[in-house]
Amino acid sequence: MGGIFGVVSKNDCVTDLFFGTDYHSHLGTRRGGMAVYNADGFERAIHNIENSPFRTKFERDVNEMKGFAGIGCISDSEPQPLIVRSHLGNYAITTVGRINNETELVERAFKCGSSHFLEMSGGRINATELVASLINQKNSITEGISYAQEMIDGSMTMLILTPDGIYAARDKMGRTPLVLGKKDGARCASFESFAYLNLGYSEERELGPGEIVFMTPDSVTVKKPPQNEMKICAFLWTYYGYPTSSYEGVNVEKMRYECGRLLAKDDDVEVDYVAGVPDSGTAHAIGYANQSGYPFARPFIKYTPTWPRSFMPQNQSMRNLVAHMKLIPVDALIRGKRLLFIDDSIVRGTQMRETVEFLYRSGAKEVHIRPACPPIMYGCKYLNFSRSTSEMDLITRRIIAELEGTEDVSQEILDEYSDCRSERHKKMTDMICKKLNFTSLRYQTLPEMLDAIGIDPCKICTYCWTGKE
């Protein structure tokens, strides 16, 4: 994933840029970057944040950089922001999104006159550089952004810093958010709606799908109006979003509480404690506990002073180790107890299986699992949700292949497995439960998850559960 933040001000903006970008650290774990513009031109700093927080890596830069406008990012992938010189003038650009048709776009760019792209690790090119090359094929930045959004298969939200102000553009289908904030003498654009609150900004408005605006300290000019159709990612609420964030007017913490409440409504399991897998499972568990009447507890305490997020290391086995090491068990709340845990989702199943095995070794009597979303059936085509390269990385698809005797399963059969009322769905759930050694397993249903979000379901992307765009 990743997060972006930009600010234009009548005064020096670097402090606001530094803290506003840092507030996106939960969205990415590999690189952070900031670019500013001042009387001497553009300045930029990029650091690896895999083993140290953004704040510690950029403390020196924030004291040395000066500027009245700037953009920043937390990224799970390529180094950015980039500084670009083109016929459109000099600008800095940062993006968040995913490009599926990279090869096709690179070949097209070569035919249109681009001579080269810098190669990143793994043989990939920098996606932000590719976006810039698309923009530079047109006669204005607004035209170029529109062209890039139309050409990219996937999604792309971006900020472009120019000597005169900042272009802010939300991806064509609004899969990721972009919010405008304002205070006296300054304006900002932010992926996360809470990132500017402690900096004295108030929310001005959210950009609509495909909308492009140009920001100065005094004004926001609409360069391209929003389209009506939207497909915002549901995982922003169930997993990625910080509890204080809101998307399309719906707060993350409130949604998770409601999702947990609905999950408990028809559940007849008997337990001693309800718990959430930290952090995103916590609010779901509180909602479940309050609805069910079973007490909420924390059998695991997350050790936050030093351990980073579990998906941070590139190596899967190391990610699993980090996930294990940062959760400290509380014996008095585990030994001899019947426990119900809520996690945001089950993807591969590896970490959950190891967590449950550890609970049993710690003396748990029963471990019931309630994911806060339906079974994930498809890899995301629109955002870098995980590093999985094959749908067979998903535990659901491995189980389906085992049940059907083949990985080559028709769409009709996959639809049956996705349907929570079907016999195939029940068989898949039962086998996952057995494979991961749960006492019981019950997924949240798609209708109840959508009810918990509470906006028009047609505006929400549910591709990873249904396979339908």
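Quick note: the coordinates plus some simple rules give every number you see, no bench work behind them. Given the structure is predicted, the values throughout are model-derived calculations rather than measurements. We place every Cβ from the backbone using ideal geometry, glycine too, and count neighbours over all the protein chains shown.
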Karplus-derived 3J(HN,Hα) from phi for segment 157-171 (6.51 cos²θ - 1.76 cosθ + 1.60, θ = phi - 60°), whole Hz, x at Gly and Pro, runs 9, 8, 10, 10, 9, 10, x, 9, x, 10, 8, 10, 9, 8, 4
Report, by chain and number, residues whose modeled amide H sits under 5 Å from the one on E204, excluding near sequence neighbours (fewer than 5 apart, same chain).
L180, G181, K182
Tell me the Kirkwood hydrodynamic radius of the chain in angstroms, computed as one over the mean inverse distance between distinct C-alpha pairs.
23.2 Å
Within the set K265/K381; K265/K434; K254/K427; K183/K459; K172/K302; K254/K459, which residue pairs have Cα atoms separated by over 28 Å?
K265/K381; K254/K427; K183/K459; K172/K302
Multiplying the sequence separation of Q411 and K381 by 0.36 nm and subtracting their Cα-Cα distance, what value in nm do you get?
9.1 nm
Per-residue HN-Hα couplings for segment 234-239 [Karplus 6.51, -1.76, 1.60; θ = phi - 60°; Hz; x = Gly/Pro]:
5, 5, 4, 7, 6, 9
Work from the charge dipole of the chain (Cβ charges, +1 for Lys and Arg, -1 for Asp and Glu, about the Cα centre) and give the residue of Y360, F341, I46 farthest towards its positive end.
Y360
Can you tell me the orientation of helix 281-292 relative to the chain, as the angle in degrees between its alpha-carbon axis and the longest Cα principal axis, to the nearest 10?
40 degrees
Per-pair calculated FRET efficiency, R0 = 30 Å: S52 and S362 via Cβ, rounded to 0.05
0.40
Gain on full stretching of the segment that runs from V222 to T466 - 0.36 nm per residue minus C-alpha separation
84.4 nm
Could you name the aspartates and glutamates in cross-link range of K223, using Cα to Cα under 12 Å and dropping any fewer than eight places away on the same chain?
E143, E211
Residue by residue through segment 361-370, what is 3J(HN,Hα) from phi via Karplus (6.51 cos²θ - 1.76 cosθ + 1.60, θ = phi - 60°)? Round to whole Hz and write x for glycine and proline.
5, 8, x, 4, 7, 9, 9, 9, 10, 10
Which FRET efficiency value, to the nearest 0.05, is calculated for N139 and D184 with the Förster distance at 41 angstrom and r the Cβ-Cβ distance?
0.70
